[in-house]
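Participant: Mind looking over this structure? Questions follow.
Taken together, the values in this text are just the output of simple stated rules run on the coordinates, not laboratory data. It should be emphasised that the depicted structure is a prediction, and the values quoted were computed from it without experimental measurement. Please note: Cβ atoms are built from the backbone with ideal geometry, for glycine as well, and neighbour counts cover all protein chains shown.
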Amino acid sequence: MLENKQIEEQSQQLALEQLYNNLSKNSDELALPEVEDVLSAAIQQLQLADNVEGALIVL
């Protein structure tokens, strides 16, 4: 059970990192600090509250 949760969280972390890379490379409208803030909030939702829905809302 714990192992499955860890795998799921790693997968979510990878997805967020890929999103971060896409946003930081392709978006002229968003400043890097704004992207970092949004991703930080999403990661907090995942890590602290295990709240996938909240993380998606933040994004």
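Participant: Using alpha carbon coordinates only, what is the Rg to Rh ratio of the chain, with Rh defined as the Kirkwood radius?
Facilitator: 1.02
Participant: Relative to the longest principal axis of the chain, what angle (0 to 90°, nearest 10) does the C-alpha long axis of helix 2-26 take?
Facilitator: Roughly 10 degrees, rounded to the nearest 10.
Participant: Apply 1/(1 + (r/R0)^6) to the Cβ-Cβ distance of LEU59 and GLU8, taking R0 = 22 Å, and write down the FRET efficiency to the nearest 0.05.
Facilitator: Numbers: r = 17 Å, r/R0 = 0.77.
E between LEU59 and GLU8, to the nearest 0.05, is 0.85.
Participant: At 222 nm, what helix-only mean residue ellipticity would the chain give, in deg cm²/dmol to the nearest 500, using -39500 (n - 2.57) for each DSSP H run of four or more?
Facilitator: On the way: 3 runs with 50 residues, N = 59.
Computed mean residue ellipticity for the chain: -28500 deg cm²/dmol.
Participant: Sorted by packing (mean other beta-carbon atoms within 10 Å per residue), highest first, where do 37-48, 11-22 land?
Facilitator: Most protected by this proxy first, the peptides run 37-48, 11-22.
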